[in-house]
1. Measure nothing fancy, just the Cα-based angle from helix 192-204's long axis to the longest principal axis of the chain, in degrees from 0 to 90, nearest 10.
2. As an exercise, take the mean of 1/r over every pair of distinct alpha carbons in the range 258-340, invert it, and state the Kirkwood radius in angstroms.
3. I'd like to check one number: the per residue accessible area of the range 149-268, probe 1.4 Å, reported in Å² as a whole number.
4. Could you work out Rg/(2.2 N^0.38 Å) for the range 114-179, with Rg from alpha carbons only?
5. At q = 0.22 Å⁻¹, work out log10 I(q)/I(0) for the range 57-115 with the Debye formula, treating every Cα as an identical point scatterer and leaving solvent out; two decimals please.
6. Could you compute how fast the range 205-348 diffuses translationally, taking Rh as the Kirkwood radius over C-alpha pairs and applying Stokes-Einstein at 20 °C with viscosity 1.002 mPa s? Give it in µm² per second.
7. Given the options 34, 138, 111, identify the residue whose Cα lies farthest towards the positive end of the charge dipole of the chain (+1 on Cβ of Lys, Arg; -1 on Cβ of Asp, Glu).
8. Say we join alpha carbon atoms closer than 10 Å with springs in a Gaussian network model of the chain; which of 336, 68, 94 then has the biggest fluctuation?
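The values are calculated or read from the model by the stated rules, or taken from the named source; none is laboratory data. On a predicted model such as this, the values are computed, not experimentally measured, just so you know. Because the Cβ atoms are built from the backbone with ideal geometry, glycine has one as well, and the counts that use them run over all protein chains shown. Accessible surface is based on the protein model in full, side chains and every heavy atom, while ligands, DNA and RNA are left aside. Shrake-Rupley method; radii C 1.70, N 1.55, O 1.52, S 1.80 Å.
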Amino acid sequence: MKTIKIKDALNLKKVIFIDVRTEAEYNEDSILNAVNIPLFKNEEREDVGTLYKNHGKDEAIKKGFDYASYKLKDIYLQSNELSNKYDHIVVYCARGGMRSGSVVNLLASLGVEVYQLEGGYKAYRNFVLDYLNSIMDTKKFIVVHGLTGAGKTDLLYMLEDKGIDNIDLEGLAKNSGSTFGFITHDKKPPSQKKFETKIFEDLYFSKSDYIFIESESKRVGHVSVPNEIYEAIIRDGYHVLLECSLENRVKRLCRDYIDEKNNLDILKDCINKFRKRLGNERIDRYILLLEEGKYEDLVEKYLVEYYDPLYMHSVEKYTYNTEINFDDMNIALEEAMVFHKAAVEGAI
C-alpha cells in the first residue's frame, strides 16, 4: 500500500482526492473539492463507533464489514473511472486509519493505483492551520476599501478574469456581511473549517505574493476570518481606496440585491429588522418605497442615511497607497493591475 504525506499530495499535478468519510464529515470540510465515496453512512459510522466502545474492536470490524460489503462494487467502479481522468488518486479518511486503508488495499488489489493519505483529514487540517498561522510572513495583501456599493467585489472578479490572485471573503462565506448579506448568495453558508480551507487554498495556490482582498470585519456572515489573516488585512500590506459616484453605487446595489419577482418579501423582512436602530417612522418610509417600486430611491436613502455614516469611519482610518475611481470600470481595472505590478516589482 502506497502512502503519501499531505504536502506532497497537494503538490501533485492532475490529482483527485477521494474522501471515504461519511457525508456529514465531508460536508463539514474536505480536501480540494474531494469526491465523497463514503464507506459508511452517517448512522452506520455511529453504530460501529458504539460497538467499538462497548464491545471492542473485533465486533466493530465485523459490523463494519456488514455495512461496507455492498458498497465495494460502486467504490471500485467510481475509483476506476476517476483513474482514467486523473494521474493521481489520494484516498483519505478521518485519521488515515482503517477506512482509507481498507479502500486503498481493495483498489490496489484490483489494479487501481492509489495513495493513502498519511494522517487523513486530521493531518490536512493541522497543515491548514499551521499554514494560516505563518503564511502572512511572506504574503502581502492589497486591501481594497470603499463605501457600500463602490464595486469592491466587482473589481475582484475582474482581476480574477485577468489571472491576478485575490481572495473574495464574502464569496467564500456566502454572505456579504450585512443584514442583507445572504441575499446575493444562493448556497448554504460554509462551516468555519470549510471557510478556513477555502482561504488556505486561495493562498497556497496563489501565483504571486501580493494578493488582492476586500476590507472586511472580523466576522463575515456566519463565519470569522482567522486571526492572522484578519491582522494582515487591517495592519500590513497595501491599502487601496475604491471610489464611485452615489448614482453608480445605487445602480450596482439594485442590480445585486433587488429581484422584483422573487425577493421583495425577503427585503421587507430585512428592512423591518432595522426598526430598533432607525425607528418606525423611517422604516415605514423605506417599506413604502419598496412597495411602490422606487428601488433606487430606497437604496439611496439607505446609503446616505445609514450605511455611509456607519462605514465612513472605517474608510477614514487608513492611509491609502492609491485611490481608484470605479465609475469607469475598465480604467479602474487597468489602474489596479498597474498597482499590482508595481507592488510585485517593489516599486511602491
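1. Result, in degrees: 80.
2. For the range 258-340, inverting the mean 1/r across all distinct Cα pairs yields 15.4 Å.
3. Roughly 46 Å² per residue, with all protein chains present.
4. Numbers: Rg = 16.4 Å, N = 66, 2.2 N^0.38 = 10.8 Å.
Normalised by 2.2 N^0.38 Å, the Cα Rg of the range 114-179 equals 1.52.
5. The Cα Debye sum returns log10 ratios of -0.91.
6. Roughly 119 µm²/s, to the nearest whole number.
7. So the residue furthest toward the plus end is 111.
8. Looking only at 336, 68, 94, the largest GNM fluctuation is found for 68.
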